[in-house]
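The values are calculated or read from the model by the stated rules, or taken from the named source; none is laboratory data. The structure presented is a predicted model; accordingly, all values stated were derived computationally and were not measured. Cβ placement follows ideal geometry from the backbone for every residue including glycine, while neighbour counts extend to all protein chains displayed.
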Amino acid sequence: MGNISLNQVTKSFGDVQVIPPLDLEINEGEFVVFVGPSGCGKSTLLRLIAGLEDTTSGAISIDGNDATSLAPAKRGLAMVFQSYALYPHMSVRKNIAFPMKMAGIDETVQNAKIDAAAKALNLTDYLDRKPGQLSGGQRQRVAIGRAIVREPAAFLFDEPLSNLDAALRVGMRLEIMELHEKLQTTMIYVTHDQVEAMTMADKIVVLQAGVIEQVGSPLELYHAPRNKFVAGFIGSPKMNLIEGPEAAKYDATTIGIRPEHLTVSNTEGMWKGIVGVAEHLGSDTFIHVHETGLMDMMTVRITGDIAAKHGDTIYLTPVADQMHRFDADGLRIA
Amino acid sequence: MSRAITPQKKIMWTAFAWAFGLLMFFPILWTFLTSFKTEAVAIADPPVWLFFDWTLENYADVQARSNYPKALMNSIAIAVGSTFLGILIAVPAAWAMAFVPGNRTKDVLLWMLSTKMLPAVGVLYPLVLLAKWLGVMDSRILLIVVLMLINLPIIVWMLYTYFREIPGEILEAARMDGAGLKAEILYVLTPMALPGIASTVLLNIILAWNEAFWTILLTTVDAAPLTAFIASFSAPEGLFYAKLSAASMLAVAPILIMGWFSQKQLVRGLTFGAVK
């Protein structure tokens, strides 16, 4: 089980409404990612689902039962926090056992589950240590272990990888994805990192100022962003958004072209510019182009390594069927 | 980058630290030495340091002339009693201020602290009248209540800063893990708050133990603690330095020993939780 549905849910802090009426369906077994810039309300939304914040109005139901005013403990959800939020005075074993102890589960069953979780998360050797004696990655694994043993209806992750260094983050990302494949439990994952969103999600919910800008699979969002905000937010490097006369040629207020959908030439092309900085990643080259007369700086992504240095003149041509058009309200023109 | 520390610098600073430490400790050391001298040696000029006939007669005299065990028991009762009464009131207060602060919480805290700036002598007269009217002059309960009131702002402040250090997410995690309010307090909050409560208790026992203004003024015989016991040796017919020293040593010894064994917690308490 693990269907969660939000019906006209709002949240206000005092006079400030951070989440205007919002509807959302999360299906059983889905990996849903809430993504958006900081302050967009994604964490608040997760905390509303968790029950850590009271909903101001509207209804939240979990597996068809109204959970709007249910205490967090009663919702059958498990949460993994950014700060890990382990109990510092308890050993790893006791940390993992805590939710089972609260549920009054028999101790032999507890131990079997702890051992299984510890084995799955490579924590067997650390069961008797305190959280303070563990590395960041290990602590996050303990937090995940503590969530797993509850066998929750859904897992809630609140930016769980933000405190880890880059290399560890990629590893933990894979571990969480594998966990999802194995358990097939609903997971809701909050992040500001669109790469995490793209790689992990079945369904991405893009939020801005408490409003859902678009819900869809990563590729839907990539290929058919509903508006300028989603277009700019999803994809790395960011989509080039061009306004003015050049956009008018295409009957649009704004046209968008992703860096990977531009071809370059030294001799001819649609747009002319000067190379500012070229970032050579080996597999790809990102070229930042100035003085195109279209926008401050355009970014081009070329597969492989090409020779381009500061001050070179360069010609860019968009791949025609990969251009996105937006109207005066910033909405996509089909 | 760490600052370079040359051996010379290190020796210099070590010597300086020792000199400063000894300077601070000197009055206690001198009292200790004087307590083993005869009255004549005690006032000798130039002062005699170590080479005199060490004697225990001052201690015997002090014991004979006054009731040390009674004063000791009074001190313990007053210090421990006022501290625990204070903790009983301050824990819920600090709790509320740390976890469910209102708009005026900061103002309340500052106001509480400001009462510490009131000169104690300003409330002496009304307090004495009140105590007399209630018929509790020279009683332990009066001192327990008065010292509790005097130290309450400090107790609340200390506990507040400790409670503030407990991350809210851990409490939320407990709630997510299925803990009700009772389980949350019992298994998560209390164990995390205990070290803070312990150092607060320790520091306040010492503060109450050393408090001299109220303990001397509000007691005569029955409830007189060690502070009054020391004061009783500065008699009108002249000071008996050696006996006074012996009495002082007897009075400070228990708290000195307690302080020595709990140095670590005390330092943490004195910094109000500023360093970990």
### Task
May I ask you to list the residues in region B:122-168 that are surrounded by 14 or more Cβ atoms within 10 Å (Cβ to Cβ) and in a loop (DSSP other than H, G, I, E, B)?
B:136, B:137, B:138, B:139, B:166, B:167
### Task
Inspect region A:174-195 for any residue being under 26 Å from residue B:169 (Cα atoms), part of a strand (DSSP E or B) and among the charged types (D, E, K, R) and give the result as yes or no.
no
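What number of residues in region A:75-97 are outside any loop (DSSP other than H, G, I, E, B) and within 8 Å of another protein chain (Cβ to nearest Cβ)?
Within region A:75-97, the first condition is being outside any loop (DSSP other than H, G, I, E, B), and the residues that meet it are A:77-80, A:92-97.
Subsequent filtering for residues that are within 8 Å of another protein chain (Cβ to nearest Cβ) retains A:77-79.
Residues flagged as outside any loop (DSSP other than H, G, I, E, B) and within 8 Å of another protein chain (Cβ to nearest Cβ) within region A:75-97 amount to 3.
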### Query
What's the number of the condition residue A:132 fails, among (1) within 28 Å of residue A:62 (Cα to Cα); (2) within 12 Å of chain B (Cβ to nearest Cβ)?
(1)
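So, in region B:169-200, how many residues would count as being of a type in the set (Val, Ile, Thr), more than 7 Å from every other protein chain (Cβ to nearest Cβ) and surrounded by 20 or more Cβ atoms within 10 Å (Cβ to Cβ)? Let's see the steps before the verdict.
From region B:169-200, those of a type in the set (Val, Ile, Thr) are B:170, B:185, B:188, B:190, B:197, B:200; that's our starting set.
Subsequent filtering for residues that are more than 7 Å from every other protein chain (Cβ to nearest Cβ) retains B:185, B:190, B:197, B:200.
Adding the requirement that they be surrounded by 20 or more Cβ atoms within 10 Å (Cβ to Cβ) leaves B:200.
The number of residues fulfilling the criteria is 1.
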### Summary
Inside region A:95-118, the number of residues satisfying the requirement of being free of Cβ contacts under 8 Å to residues at least 40 places away in the same chain, in contact with a helix residue (DSSP H, G or I) (Cβ under 9 Å, 6 or more places away or on another chain) and of a type in the set (Val, Ile, Thr) is 3
### Query
Which ones in region A:50-74 are assigned to a strand (DSSP E or B) and either of a type in the set (D, E, K, R) or within 8 Å of chain B (Cβ to nearest Cβ) (or both)?
A:66
### Task
Quick one: which residue in A:334, A:278 is under 19 Å from residue A:213 (Cβ atoms), outside the structural domain of residue A:212 (by TED's automatic domain parsing) and without any contact (Cβ under 8 Å) to a residue 40 or more places away in the chain?
A:334
### Message
Here are the criteria: (1) assigned to a loop (DSSP other than H, G, I, E, B); (2) in the same structural domain as residue B:172 (by TED's automatic domain parsing); (3) in contact (Cβ under 8 Å) with a residue 12 or more places away in the chain. Tell me which single one residue B:53 does not satisfy.
### Response
(2)
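It is to be established whether one or more residues within region A:107-121 are of a type outside the set (A, V, I, L, M, F, W, C) and part of a loop (DSSP other than H, G, I, E, B). Give the steps one after another, and end with the answer.
Let us first name the residues in region A:107-121 that are of a type outside the set (A, V, I, L, M, F, W, C), namely A:107-108, A:110-111, A:113, A:115, A:119.
Checking which are part of a loop (DSSP other than H, G, I, E, B) leaves us with none.
No: zero hits.
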### Query
Somewhere in region A:35-44, is a residue in the same structural domain as residue A:74 (by TED's automatic domain parsing), within 25 Å of residue A:173 (Cβ to Cβ) and in a strand (DSSP E or B)?
yes
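For region A:98-121, which residues satisfy the criterion of being among the aliphatic types (A, V, I, L, M) and within 13 Å of another protein chain (Cβ to nearest Cβ)? Before you say what the answer is, go through the steps one by one.
First, pick out the residues of region A:98-121 that are among the aliphatic types (A, V, I, L, M): A:100, A:102-103, A:105, A:109, A:112, A:114, A:116-118, A:120-121.
Within region A:98-121, A:100, A:102, A:103, A:105 qualify.
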